[in-house]
1. Cβ-Cβ below 9 Å, separation at least six or inter-chain, first residue in the range B:271-287 and within 13 Å of chain A (Cβ to nearest Cβ) and within 12 Å of residue B:254 (Cβ to Cβ), second at pLDDT 95 or above and loosely packed, with under 15 Cβ neighbours inside 10 Å: which pairs?
2. Only one of (1) within 13 Å of chain A (Cβ to nearest Cβ); (2) more than 16 Å from residue B:165 (Cβ to Cβ) is not met by residue B:84, so which one is it?
3. Of the residues in the range B:110-129, how many are touching a strand residue (DSSP E or B) at 6+ places or on another chain (Cβ under 7 Å) and over 17 Å from residue B:78 (Cα atoms)?
4. So which residues in the range A:267-294 are part of a helix (DSSP H, G or I), touching a residue at least 40 places away in the same chain (Cβ under 8 Å) and over 14 Å from residue A:13 (Cβ atoms), if there are any at all?
5. Does residue B:261 satisfy the criteria of being under 20 Å from residue B:209 (Cβ atoms) and in contact with a strand residue (DSSP E or B) (Cβ under 6 Å, 6 or more places away or on another chain)?
6. With the requirement that a residue be part of a loop (DSSP other than H, G, I, E, B) and within 26 Å of residue A:83 (Cβ to Cβ), what does the range A:301-327 give you?
7. Only one of A:95, A:119, A:161, A:156 is more than 14 Å from the chain's Cα centre (by Cα), closer than 30 Å to residue A:317 by Cα and either more than 7 Å from chain B (Cβ to nearest Cβ) or modelled with pLDDT of 95 or more (or both); which?
């Protein structure tokens, strides 16, 4: 429990509680919008995993770079992307982070160093290693943070990318946000050996395993590992164990888990845990409820703004394919 | 003027771009020792091991990390050793490099050159000999270059390195040793522009990469018979110079496309279809495609030779159209 640690900073934890609520509210609003047909494609909520986003991404500096996953709304918000722009992106509208051409799975905001979610599991690992390679080549003082899920450790890029980061001694923090499920399959049933940290260590990368629902702990360890990287310690690995409280996608009812198990896991909800610690230290219920209300209000406003936003202009279809060659040419008869 | 081989031309292009732009760097297996064919010989001495970087045999990491390095502000040139090995990095090239600019709404580009030595060479058999250019042409976001001469290798590799989008750059292994006199100052070439190798009025032969030599040799044979053949080297397959091909066929009324690749689904089909759509009424003979049969490339030389589209086959195809 957060409360058991000696360095508890109530104000800081309250702020993290508030930010976890922003992520929760954003995703709940997005799920509602999907049901209304306003969100067009699949979304992958991270409900129950908010402590990883706030703890890890919230401990990065503005200039650090981030690579995320298909389940990356929380990471993107925490890196500093606008909730309104993100909602517009999910709705496929003009003014979305990617002009409505990426959607939830390909959301990115380069202006805040968020170099992209990814629709392919594990593909961001090599990309992150390469971004860190660029950071080193240019002599910059910043790190690259790469977040991936537990199922990514079973893909080739995990081996290749971690090895790459090690042999080139790159400034990259790998965060395995382990929500226990690979889509609808339990990851433990599909993963050999003792798990992600042991695999990282086998490649020479120091690894730490933490309770990923303890936002202060995730933040504390992230800050420590980031410092080691900046001090020239090379790549570091964080295994944050959490649990996906809802389905793989927003339409997955997750019937492959029994209700009792899910109910039990809700007791470990990272937002409720932070609230409990704050309450135990005298923070008023109305302050905590205020965080929730403010977050819901912000995201409802984002929803309304996105709903009112126009579709991308037709010209966007052909924009940003590549500088040379006309993509229209071959699509029409002469 | 300096006599320069096709391989030296590629090295010169990279070195000149690296001197000009400190964000250009190269990474691939064995580069510190000159690369598998010697295309990088001596470069690590000038540029150091950070900019001429060795790599583990991890094609997905070589290409995938280059995507990240490009998104984060450098201009990587990656060496795939053999075009066949790039298939270990298809996700990184097709799903990541080619799509990032578009799916992120233009927020970031991927200025990346992927060098993929291609083609049949010294009985390298099924996994070291393929010509897969058509696959890449099919992918929106990729530029595809296949130079046939040392001069084009120099000028087009420079252009590829300066491109802000990913370029699949396919040098033909059988051309490494061919030589050409090149100037001291050779600016970048224009991607997407064909070269008229030889002018002619009776038929048009379109090819690219090493096949251009055979097309030129066929035209030479036919000239002795009084047949005037226009030979076009496409040089770049996407974007490709439709204008040059259509203008030529408008005059000649006949088209043969010659390629080393498997003919089925090859780039020659795109050329043939485009010309048929544009010039159906003007054609004096059906368009003819020449390419390899749809079989893996065999090891034994006599069998491998049976796959090759030689000058005689090209000349025969033109004669059949007359």
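The values are calculated or read from the model by the stated rules, or taken from the named source; none is laboratory data. On a predicted model such as this, the values are computed, not experimentally measured, just so you know. Don't worry about glycine lacking a Cβ; one is built from the backbone with ideal geometry, like all the others, and counts go over all protein chains shown.
1. Once the first residue is within 13 Å of chain A (Cβ to nearest Cβ) and within 12 Å of residue B:254 (Cβ to Cβ) and sits in the range B:271-287, its partners that are at pLDDT 95 or above and loosely packed, with under 15 Cβ neighbours inside 10 Å give B:279/B:250; B:282/B:250.
2. Going through (1) within 13 Å of chain A (Cβ to nearest Cβ); (2) more than 16 Å from residue B:165 (Cβ to Cβ) one by one, residue B:84 breaks only (1).
3. Of the residues in the range B:110-129, 2 are touching a strand residue (DSSP E or B) at 6+ places or on another chain (Cβ under 7 Å) and over 17 Å from residue B:78 (Cα atoms).
4. To start, the set of residues in the range A:267-294 that are part of a helix (DSSP H, G or I) comprises A:270-280, A:285-294.
Imposing the further condition that a residue be touching a residue at least 40 places away in the same chain (Cβ under 8 Å) reduces the set to A:270-271, A:273-278, A:280, A:287-288, A:291-292, A:294.
Selection gives A:292, A:294.
5. Working: under 20 Å from residue B:209 (Cβ atoms): yes; in contact with a strand residue (DSSP E or B) (Cβ under 6 Å, 6 or more places away or on another chain): yes.
So residue B:261 passes the test.
6. Hits for the range A:301-327 are A:309, A:310, A:311, A:312, A:313, A:319, A:320.
7. A:95
For (1) outside any helix (DSSP H, G or I); (2) surrounded by fewer than 22 Cβ atoms within 10 Å (Cβ to Cβ); (3) in the same structural domain as residue B:143 (by TED's automatic domain parsing), each residue gets a yes or a no:
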residue	(1), (2), (3)
B:63	no, no, yes
B:70	no, no, yes
B:73	yes, yes, yes
B:85	no, yes, yes
B:93	no, no, yes
